[in-house]
1. Can you list the residues, at least 5 places off or on another chain, whose amide H is less than 5 Å from the amide H of M133, using H built in the peptide plane?
2. Add -39500 (n - 2.57) for each DSSP H run of 4 or more in the chain, then divide by its residues: what number comes out at 222 nm, to the nearest 500 deg cm²/dmol?
3. If one takes the longest principal axis of the Cα atoms in the chain, at what angle in degrees, from 0 to 90 and to the nearest 10, does the Cα axis of helix 193-202 lie?
4. Just subtract the alpha-carbon distance of A101 and T48 from 0.36 nm times their residue separation and send over the number in nm, one decimal.
5. How about K273: which aspartates and glutamates have a C-alpha closer than 16 Å to its C-alpha, ignoring those fewer than 8 places off in the same chain?
6. Which whole-number percentage describes the relative contact order of the chain, with Cα contacts under 8 Å and a sequence gap of 6 or more?
7. Only Lys, Arg, Asp and Glu count, each charged at its Cβ (+1, +1, -1, -1), so figure out the dipole size of the chain about its Cα centre, rounded to 20 debye.
8. Which ³J(HN,Hα) values, rounded to whole Hz and listed in residue order, are derived for the range 296-307 from phi using the Karplus coefficients 6.51, -1.76 and 1.60 in 6.51 cos²θ - 1.76 cosθ + 1.60 with θ = phi - 60°, glycine and proline given as x?
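Just so it is clear, none of the values below were taken in a lab; they were calculated from the coordinates. Because the structure is predicted, anything quoted here is derived from the model rather than measured. All Cβ positions, even for glycine, are placed from backbone atoms using ideal geometry, and neighbour counts span all protein chains on display.
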Amino acid sequence: MHKTNTTCAFIVLYFGALPDYFDFWARSCESNHTHFHWFVYNDSITETIPFNPAVTLVPYGFAQLCQEIEAAYQLPVPSESRGLVCDYELLLATLKHDDDAFHGFDFVGFTDLDVIYGDIRRFLPDDALDYAMISADDDRPCGPFMLFNRKYADRIFRHDGVSAWLKSTLEKEVWQLTHSTEAGAFEPMTGSRKKDALVKQTRFRHLDESETLMKIAARFAPVLCRADPLQPTMTKGFNFRKAFAVWEKGTLKVYDNRGHVREGAFFHFSRFKKRARFKIDPAVSRSHRWGIYKYGIREIASPLTLMKMWGSLLY
């Protein structure tokens, strides 16, 4: 892979107390600080905090988000619609378009906290600036990792198609699902029977996984939606359900139970994070080599730890 000089400001919208794996997420960001910066909008802090050279925490509440969306799109946003936060996050590309903090970056990106990054720029194309949108999934947007060329981003998210999506979503009252005790206020719409039934009934799709977003972006310049080489677990032949990752001094390798070993830009561990078995080893904070697998985040201080991670792929 070649190293591109592309720069990107990532936006992360996260309401509530930051997760216990946040420090390790931020550490993997830090090794990318020369070309990438993450702005984490969060309602549990009261002032802007430079967490490390690559991460800035910005105080931001849901009520403020609703007010700004209403002003930009002339559409009332119900306070109960918190279940759509993952989609509202994308609208921050417009809401924060003129913020001084974003000046000088080639792209605005969207990502999650339940990922660990490798050397991102090694896995971006050399001609990245020729694209309106880059996604780390095949032929579709990728919620954990999307980039939008800042030359087009504001026009993409102010496009009538985005406004129509927002209006249609709110009219279908999909947000009412957040009243359910089964569905957490900030959960994605899929993942439970009740949610899936509603999705099927309303034909609902999140904006960050909709072909609509790709089609809008493609009006301005070509789009590049491809897992290879950014996201190894979603590449051809890889078993994404039985995989683990090793982070070492800023590089990331991903392994699966079929014997594949690939370097990549990030590893998405969403399927692990909410299990009671997922524990974080305190020694990781002092280590330059650690792994992420279904039992947590562990320092790899000996071959035995790595063997245990391999063993976890067998069942």
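1. N149, L224
2. Values: 8 runs with 76 residues, N = 315.
Taking each H run of at least 4 residues, the total per residue is -7000 deg cm²/dmol.
3. Helix 193-202 and the main axis of the chain meet at about 40 degrees.
4. On the way: separation 53, 0.36 × 53 = 19.08 nm, distance 1.19 nm.
Answer, rounded to one decimal: 17.9 nm.
5. Within the straight-line limit of under 16 Å, K273 reaches these aspartates and glutamates: D20, D23, D112, D114, E187, D281.
6. On the way: 591 pairs, mean separation 55.4, N = 315.
Reported as a whole number, the value is 18 percent.
7. On the way: 40 positive and 39 negative charges, 295 e Å.
For the chain, the charge dipole is close to 1420 debye.
8. x, 10, 10, 5, 9, 9, 8, x, 4, 4, 5, 4
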